[in-house]
Amino acid sequence: MIERIVVVGASTAGLATAESVRDAGFRGEVVLLGAEQWDPYRRPALSKQILLGTWKPDQARLVEASTLRALGIDFRPGHRAVRIDRRSRTVQTDHHAIGTDIVRYDAVVIATGASARRPSWAPYSAEANRPAPAVHVLRTLDDALRIAGQLVRRRRVTVVGTGVLGSEIASAATARGARVSLVGRSAGLSLGAAGLRFSDRLRALHAARDVEVRTGAEVVAVRPTDGPRYDVRFADGTRLGSDVVIAAAGAEPAVAWLADSGLLTDGSLLADSHGRVADRVFAVGDASSWLDPATGTHRACGHQLTAMEQGRSVGRLLAAGQLSPYPIPFFWSEIHGARVQASGRLDIADSVELLAGDHDSDQALFGFRAGDHACGLVAWNMPKPFRNHQAALLAELSAAGSAAHLLETS
Amino acid sequence: MTIEVTRSACVGAGQCVLVADDLFDQDDDGLVMLIEEDPREDRVDSARRAASLCPARAIQVRE
Ligand SMILES: Cc1cc2nc3c(=O)[nH]c(=O)nc-3n(C[C@H](O)[C@H](O)[C@H](O)COP(=O)(O)OP(=O)(O)OC[C@H]3O[C@@H](n4cnc5c(N)ncnc54)[C@H](O)[C@@H]3O)c2cc1C
Ligand code: SF4
């Protein structure tokens, strides 16, 4: 009998799990452990509304603590899990009050998300006697508030990392009046699983706002100077003076606390297509990689909607024993006011076609295909056509998905 | 029951319109518009479903 479910990680995926466990009628105890002091908040808003300064931290809140209490969810902020002991079925936290440091479970859901990757040239603190080069990273609300405070008119801001997050930060910093350089090692600007296919579009958006883009440029060090505060140094010997340096070099699943648990495979937390990791252990969101039944490979989550859907999937499984379909990836972004929406398995595409809009205009809708099948969609400023095409895409993918699902379980 | 939407959080994904086009619509930028903030009892499940499908959690359903 499962009488007590412990969810570790109180953000998108963990919250969705806890809520849906209740929604599906579970009457036992639900404990939600969160390392941060904040109530659960919308992480995607950090690089958008929070950096832009259009939202106060309160507006990013996903749910009030009182709502969680009303749902009978025992939310414990400021409780970081440090170990799991599967024999005694307990999670140990860093909270030292008697009775709260060891939490017993019948089932545990790991939803600890990811942490920003800190490149080797961006250490927390420099060698002795040197002021630490303050290279920022962005993952938490505290990170975002710290960076927002630095985005002052005319400051020179260097964003290192040419993925979606780098583009979003460059866009927000520009809107705050900073002079922005966006630099990175790769040959172009990437858009998530679509890779470099939209690099020209992204370059055009940045060029229109005077963001200097340097690709194929590897940063090797950041050093304090007398003039602008820092010198960003590149492998080819060139330098870039900057007042603020922000690294957007990707994220790593936050699973180090599970190192001696026996749950990791080569350092990764792998789950099946329904979030099951081991007996009584489940995983959801950015911490985990679920088995994609369509490709037979494990796929990292990385997006808010996927994290929510995985949480609901495990919630229904735990509370009602019900299996849910594998969540189809979806993400969105906002870069210099352009709204991007993307759906499906963009990484497996072998061709891309224009479905609506125009190659040269800011409005365009692209269909991604793998062989004879549609596998994804990317829309630039075309929300309504995206909605209509997405409905058709999801119907096609779920038909294919249930076929794959039958194969998997037969 | 009432529905509230946070338009500044909306990302124009239109999931809400797909499940309940009598409760939600999208403006020309794709942002959600609430058609019915106080829906009939038999639309409560649809409203809840829209809220749970919204990728930005921009829809709140209150008792
Ligand atoms: C700046 C930014 C912008 C983004 N923008 C978008 C976007 O536009 N669209 C999109 O689809 N996705 C976006 N994402 C991705 C999206 O936010 C994530 O996919 C989503 O938050 C994953 O949810 P999660 O709950 O799995 O992990 P997280 O949101 O990372 O949450 C994990 C939580 O667990 C806590 N935790 C960690 N370790 C422990 C521990 N040992 N014990 C207890 N608690 C712990 C953390 O403090 C954290 O609160 C963005 C991400 C970032 C960082
Ligand atoms: S589902 Fe959410 S994000 Fe999408 S249009 Fe509706 S309110 Fe906006």
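Throughout, read-outs are computed from the coordinates displayed, never taken from laboratory work. Note that this is a predicted model, so its numbers are computed, not measured. Using ideal geometry, Cβ is built from the backbone for each residue, glycine included, and neighbour counts are taken over all protein chains shown.
In this structure, A:ASP142 and A:ARG185 have a Cβ-Cβ separation that, at R0 = 30 Å, corresponds to a calculated FRET efficiency of about 0.60.
Backbone phi angles across segment A:56-70, fed through the Karplus curve with coefficients 6.51, -1.76 and 1.60 (θ = phi - 60°), yield HN-Hα couplings of 7, x, 3, 6, 7, 4, 8, 7, 7, 4, 5, 5, 5, 4, 4 Hz in residue order; Gly and Pro are listed as x. Amide H contacts of A:CYS375: A:PHE368, A:ARG369, A:ALA370, each under 5 Å away and 5 or more positions distant or on a separate chain (H built 1.01 Å from N in the peptide plane; Pro and chain starts excluded).
In this simple spin-label approximation, A:ASP85 and B:GLN60 carry label points 7 Å from Cα along the Cα→Cβ vector, and these lie 4.1 nm apart. Taking amide H atoms as placed 1.01 Å from N in the peptide plane, the amide H of A:VAL7 lies under 5 Å from those of A:VAL31, A:LEU32, A:LEU33, A:VAL109, each 5 or more residues away in sequence or on another chain. Note on the protein assembly as shown: antiparallel DSSP beta bridges, both residues inside, total approximately 60 percent of the bridges counted.
With contacts taken as Cα pairs under 8 Å at a separation of at least 6 residues, segment B:2-62 carries a relative contact order of 46 percent.
What is the antiparallel percent of DSSP beta bridges lying wholly in segment A:118-249, to the nearest 5? Here the share of antiparallel DSSP bridges comes out near 40 percent. Other protein chain C-beta atoms within 10 Å of residue C-beta, averaged over A:75-85: 0.
Expressed in Å, the radius of gyration and Dmax of the Cα atoms of segment B:2-62 are 10.0, 30. Magnitude of the charge dipole for segment A:1-93, about its Cα centre and with charges confined to Cβ atoms of Lys, Arg (+1) and Asp, Glu (-1), is about 280 debye.
I'd like to know which of A:VAL109, A:GLN49, A:LEU15 lies farthest towards the positive end of the charge dipole of chain A, counting +1 on Cβ of Lys and Arg and -1 on Cβ of Asp and Glu. Comparing the listed Cα positions along the dipole, A:GLN49 ranks first.
Can you give me the angle between helix B:44-53 and the longest principal axis of chain B, using Cα atoms only, in degrees from 0 to 90, rounded to the nearest 10? Roughly 30 degrees, rounded to the nearest 10.
When only the Cβ of Lys, Arg, Asp and Glu is charged (+1, +1, -1, -1), the dipole of segment A:118-249 relative to its Cα centre reaches about 240 debye.
For chain B, the 222 nm mean residue ellipticity estimated from helices alone, with every DSSP H stretch of n ≥ 4 adding -39500 (n - 2.57) and the total spread over all residues, rounds to -6000 deg cm²/dmol.
When only Cα pairs below 8 angstrom with a gap of at least 6 residues are kept, chain A shows a relative contact order of 15 percent.
In the protein assembly as shown, the ratio of gyration radius to Kirkwood radius, Rg to Rh, stands at 0.96 when only Cα atoms are counted. Placing +1 on each Lys and Arg Cβ and -1 on each Asp and Glu Cβ, with no other charges, gives the protein assembly as shown a dipole about its Cα centre of roughly 1460 debye. Can you tell me how segment A:28-87 classifies by the Cα gyration tensor, rounded, prolate or oblate, using a/c under 1.5 as the rounded cut? Taking the square roots of the gyration eigenvalues as a ≥ b ≥ c, segment A:28-87 is oblate. Add -39500 (n - 2.57) for each DSSP H run of 4 or more in chain A, then divide by its residues: what number comes out at 222 nm, to the nearest 500 deg cm²/dmol? Counting only the DSSP helices, I get -7000 deg cm²/dmol. The A:ALA221 and A:ALA24 beta-carbon pair, evaluated with R₀ = 45 Å, returns a calculated FRET efficiency of approximately 0.30.
Once both labels are positioned 7 Å from their Cα atoms along Cα-to-Cβ, the gap between A:THR238 and A:ALA65 label points is 5.0 nm.
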